[in-house]
Amino acid sequence: MLQNIVKESVHKHPSGNPFAQMNTLQAILDDSKKDEVSKFVQKYPTVPQTSASSLEKSQKTVGHSSPYELTDENTATSLQDRIPTRHPAHQKKEEISGECQKLMEKFDGTKKERLEKILIDDYTVAPPNFTTQFLQDYYLKLNEFLSMLNDTEKDTFWGFREAYEKYSGLAITNSLTQHQFTQSGINFVQKKCKSERDRYALISMHMKVGSSPEAENKSRRANHRRTMIFISNFDRTEIWIYFRMIGYIMNNV
């Protein structure tokens, strides 16, 4: 991954991969390895990093900015009021909203602001709103947040994730069997991949996913790490087709 990040920096591809950034790498590393990366960045300051301000500007442009904010005092009430009835979290909205509030109390400053945006997306967005741009922005925001955390804070976040991610709208495909997921992928190819460019990108994307190392275990944290590794290897067209496909599957569960 680091090699791809440096390559993006040196060649400055106009269609560069937004996930080939130091923030993505720092999001999946432990503290000791993050220190090594930080020393490297100091030597090569041109290595790209995701800009939080530019990301937020992008989200406002495409209509993904949140219409409200959460605070320790109103997190539970705000989420309960905003969770759609068709959302997986609706059946346990009181419990989940309360746990979100407890989680936010463990962070402050910019970390809390980043976490807030993630929780809003997790528990208020439902089909058919999983657009290609929304999904890309979501994972960029998630990496931005994770890159700020130390090991203890990451353990706290991922512990919450393990317990409650199944109620997140972003985890809606977890209810599918492998056969159902595969069939949804086939439907996407047949209905949405009309151009030769799309089909070529889909084939090359699948080849890169297939050749990437398996997750070290079945945890959400390990799966996120694996996903970020193969996404960082995609070119821009492959990233776009990947999130188009995932969005199609999520919106048609």
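Looking at the range 199-224, I want the residues that are in a loop (DSSP other than H, G, I, E, B) and have a partner that is exposed (fewer than 13 other Cβ atoms within 10 Å of the Cβ) and of a type outside the set (G, A, S) with Cβ atoms under 9 Å, at least 6 apart or on another chain. Which pairs are those?
Going by the 9 Å Cβ cut-off, the qualifying pairs are S219/E162.
Quick one: which of G169, G159 is surrounded by 12 or more Cβ atoms within 10 Å (Cβ to Cβ), within 22 Å of P84 (Cα to Cα) and either out of contact with any helix residue (DSSP H, G or I) (no Cβ under 6 Å at 6 or more places or on another chain) or assigned by TED's automatic domain parsing to the domain that holds S232 (or both)?
Values: G159 fails: within 22 Å of P84 (Cα to Cα).
Answer to the check: G169.
How many of the residues making up the range 172-218 are surrounded by fewer than 11 Cβ atoms within 10 Å (Cβ to Cβ) and of a type in the set (D, E, K, R)?
Selection size over the range 172-218: 5.
Could you tell me whether the range 160-169 includes any residue that is farther than 25 Å from M205 by Cα, at pLDDT 90 or above, aliphatic (A, V, I, L, M) and not in a helix (DSSP H, G or I)? Step through it out loud before you land on a result.
So the first thing to find is which residues in the range 160-169 are farther than 25 Å from M205 by Cα, and the list is 160-168.
Cutting the leftovers down to at pLDDT 90 or above gives us 160-164, 167-168.
After this cut, where a residue has to be aliphatic (A, V, I, L, M) as well, the list is 163.
From the residues that got through so far, the ones that are not in a helix (DSSP H, G or I) too are none.
No: the range 160-169 contains no residue that is farther than 25 Å from M205 by Cα, at pLDDT 90 or above, aliphatic (A, V, I, L, M) and not in a helix (DSSP H, G or I).
Among the residues of the range 111-145, write down those that are of a type outside the set (K, R) and over 22 Å from G247 (Cβ atoms). If you could, list the steps in order and put the result at the bottom.
Of the range 111-145, the ones of a type outside the set (K, R) are 113, 115-116, 118-140, 142-145.
Of everything in the range 111-145, those that are of a type outside the set (K, R) and over 22 Å from G247 (Cβ atoms) turn out to be E113, L115, E116.
Only one residue in V125, V209, V189 is closer than 21 Å to K112 by Cβ and β-branched (V, I, T), so which one is that?
Numbers: V209 fails: closer than 21 Å to K112 by Cβ; V189 fails: closer than 21 Å to K112 by Cβ.
That would be V125, the only listed residue that is closer than 21 Å to K112 by Cβ and β-branched (V, I, T).
Does R236 satisfy the condition of being exposed (fewer than 15 other Cβ atoms within 10 Å of the Cβ) and not assigned by TED's automatic domain parsing to the domain that holds M22?
On the way: exposed (fewer than 15 other Cβ atoms within 10 Å of the Cβ): yes; not assigned by TED's automatic domain parsing to the domain that holds M22: yes.
Yes.
Go through the range 225-236 and report how many residues are of a type in the set (D, E) and part of a helix (DSSP H, G or I). Even if it seems obvious, please write down each step before you answer.
First, pick out the residues of the range 225-236 that are of a type in the set (D, E): 235.
Narrowing the set further to residues that are part of a helix (DSSP H, G or I) leaves none.
So the count comes out to 0.
Inspect all residues belonging to the range 91-98 and state whether any of them is more than 16 Å from the chain's Cα centre (by Cα) and on the phi > 0 side of the Ramachandran plot.
Taking every residue of the range 91-98 in turn, none turns out to be more than 16 Å from the chain's Cα centre (by Cα) and on the phi > 0 side of the Ramachandran plot.
Among (1) in the same structural domain as I241 (by TED's automatic domain parsing); (2) outside any helix (DSSP H, G or I), where does F130 come up short?
The number of the failed condition is (1).
Test Q80 against the criterion of being in contact with an Asp or Glu (Cβ under 7 Å, 6 or more places away or on another chain) and at pLDDT below 90, and give yes or no.
Details: in contact with an Asp or Glu (Cβ under 7 Å, 6 or more places away or on another chain): yes; at pLDDT below 90: yes.
For Q80, the condition - in contact with an Asp or Glu (Cβ under 7 Å, 6 or more places away or on another chain) and at pLDDT below 90 - is met.
The values are calculated or read from the model by the stated rules, or taken from the named source; none is laboratory data. These numbers were taken from a predicted model, which means no experiment stands behind them. All Cβ positions, glycine included, derive from the backbone under ideal geometry; neighbour counts span all protein chains shown.
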